[in-house]
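Undergrad: Can you keep this structure in mind? I'll have questions shortly.
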Amino acid sequence: MMESNKEKIKKLVKKMLIKSHHETVKNIDKVLDSGCIDVDGWDDECAPMIIPKAIVIAILIYEARSQYAAIATSVENQIKKEVENIHCFL
């Protein structure tokens, strides 16, 4: 039985997300060791999630821009258009 386009796309997206996950996890230590945030000043009782959320957001933005945005390529605008459309449905 032939795979449908939906199944093929799903398989490719899963593969990309798994690869991306490995790369993003590596960046946690990079951020924590960089000195860009005040690790010692972080308080796990007063707003404990601000720094972790900021790290997650920054890493995900970095990963999206560096791996998948296709900046300065012939398909950049097409990808941006598709991303905006998909974003509306998430």
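What follows is calculated from the coordinates using simple rules that are stated; it is not laboratory data. Predicted, not measured: the structure shown is a model, and the values here were computed from it. Methodologically, a virtual Cβ is constructed for each residue, glycine included, from the backbone with ideal geometry; neighbour enumeration extends over all protein chains shown.
Undergrad: Mind checking which residues of region 34-90 are assigned to a helix (DSSP H, G or I), charged (D, E, K, R) and loosely packed, with under 12 Cβ neighbours inside 10 Å?
TA: Across region 34-90, the qualifying residues are 53, 65, 81, 82, 84.
Undergrad: While we're on this one: Output the qualifying pairs, or none if there are none: Cβ atoms under 9 angstrom, residues six or more apart or on different chains, first residue in region 30-59 and free of Cβ contacts under 8 Å to residues at least 40 places away in the same chain, second residue among the polar types (S, T, N, Q).
TA: Going by the 9 Å Cβ cut-off, the qualifying pairs are 55/27; 56/24; 58/27; 59/24; 59/27.
Undergrad: With respect to residue 31, is the statement that it is more than 18 Å from residue 69 (Cα to Cα) and of a type in the set (A, V, I, L, M) true?
TA: Judged against the criteria, residue 31 is a match.
Undergrad: Residues of region 1-11 being aliphatic (A, V, I, L, M) and either in contact (Cβ under 8 Å) with a residue 12 or more places away in the chain or surrounded by 10 or more Cβ atoms within 10 Å (Cβ to Cβ) (or both), which ones?
TA: 9, the sole residue that qualifies.
Undergrad: Right, next: Contact list please: Cβ distance under 8 Å, first residue in region 12-28 and without any contact (Cβ under 8 Å) to a residue 40 or more places away in the chain, second residue in a helix (DSSP H, G or I), pairs at least six apart or on different chains.
TA: Final answer for the pair search is 24/59; 24/60; 24/63; 27/59; 27/62; 27/63; 28/55; 28/59.
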